[in-house]
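Heads up: the structure comes next, in structure tokens.
Read-outs: derived from the displayed coordinates by stated rules, not from any lab. As the structure is a prediction and not an experimental result, all values here were calculated from the model. Here the Cβ is made from the backbone with ideal geometry for all residues, glycine too, and neighbour counts use every protein chain on show.
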Amino acid sequence: GIQVEQSPPDLILQEGANSTLRCNFSDSVNNLQWFHQNPWGQLINLFYIPSGTKQNGRLSATTVATERYSLLYISSSQTTDSGVYFCAAPDRGSTLGRLYFGRGTQLTVWP
Amino acid sequence: GAGVSQSPSNKVTEKGKDVELRCDPISGHTALYWYRQSLGQGLEFLIYFQGNSAPDKSGLPSDRFSAERTGGSVSTLTIQRTQQEDSAVYLCASRPWSAAGSQLHNEQFFGPGTRLTVL
């Protein structure tokens with residue numbers, strides 16, 4: 001299956017700072033999701049972004065499928081942004097099947 | 001309901017006992033997935049149901065694990081003779097019918113999970 005690598009594994013920020021999280025794939029992808037896992041373990045959908053750029057408030061994401069990476073931008077971070085951020089994608093040959101997840105980026109935002 | 005629901009939210013069991021975990025997908029979603037999240041192991045795929053097709057069981061770690069999906073809706077994941085290494089959070093996800101024009105849409109929505117502890 002597709003290999004998904006996320007960086008950095010850990011990120012500590014002061015409230016108000018900006019950050020960029022990266023997701024690299026071993027193969028090109030037809031679709032991709034970014035999730036935020038909150039302290040209660042719930043996976044919250046952030047973006048479904050097969051290609052291009054999307055924005056939702058302080059968050060935005062860009063996927064360059066042909067170069068096998070995606071970026072998640074968090075601007076003016078808040079303490080409520082803390083948690084683990086995951087990216088995930090299916091195998092190119094199994095577009096509707098299971099997702100392969102990265103190990104996540106643990107984000108801690110201090111007040 | 002509005003989202004994927006799972007029950008129970010927490011389950012503590014003794015080694016060797018059987019457990020059943022339940023998932024109610026979002027109404028109208030045709031595909032259902034089970035994943036588990038273990039400490040230090042990340043998120044692992046277990047099984048995938050799509051409509052009336054044979055399920056993709058390629059992620060089930062052993063024959064102690066099985067799952068059913070009745071009537072194309074609710075799913076039950078059963079773990080027989082539980083072991084301590086089965087302790088994990090079991091997550092269920094569902095996906096709507098995929099075809100949207102020429103695009104195949106595979107956005108999965110996750111439930112809150114069942115935290116299983118095997119003593």
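Going through the range B:5-30 one residue at a time, which ones are within 11 Å of the chain's Cα centre (by Cα) and either under 20 Å from A:TRP34 (Cα atoms) or assigned to a loop (DSSP other than H, G, I, E, B) (or both)? Within the range B:5-30, B:PRO25 is the sole residue that qualifies. Within the range A:65-92, the residues that satisfy the criterion of being within 12 Å of another protein chain (Cβ to nearest Cβ) and either assigned to a loop (DSSP other than H, G, I, E, B) or among the β-branched types (Val, Ile, Thr) (or both) are A:VAL84, A:PRO90, A:ASP91, A:ARG92. Evaluation of B:PRO61 against the conditions (1) exposed (fewer than 14 other Cβ atoms within 10 Å of the Cβ); (2) facing another protein chain (nearest Cβ under 10 Å) shows that the sole unmet condition is (2). Please work out if B:GLN84 is surrounded by fewer than 18 Cβ atoms within 10 Å (Cβ to Cβ) and away from every other protein chain (no Cβ under 11 Å). When the stated conditions are applied, B:GLN84 passes them. Considering every residue within the range B:93-109, establish whether at least one is more than 10 Å from chain A (Cβ to nearest Cβ) and touching a Lys or Arg at 6+ places or on another chain (Cβ under 9 Å). Within the range B:93-109, none of the residues are more than 10 Å from chain A (Cβ to nearest Cβ) and touching a Lys or Arg at 6+ places or on another chain (Cβ under 9 Å). Of the residues making up the range A:21-55, those that are within 14 Å of chain B (Cβ to nearest Cβ) and part of a strand (DSSP E or B) number 14. Go through the range A:9-58 and give me each residue that's polar (S, T, N, Q) and touching a Leu at 6+ places or on another chain (Cβ under 8 Å). Hits for the range A:9-58 are A:SER19, A:THR20, A:ASN30, A:ASN31, A:GLN33, A:GLN37, A:ASN56. Screening B:ARG36, B:ARG22 for residues that are in contact with a Pro (Cβ under 9 Å, 6 or more places away or on another chain), basic (Lys, Arg) and surrounded by fewer than 17 Cβ atoms within 10 Å (Cβ to Cβ) leaves exactly one candidate, B:ARG22.
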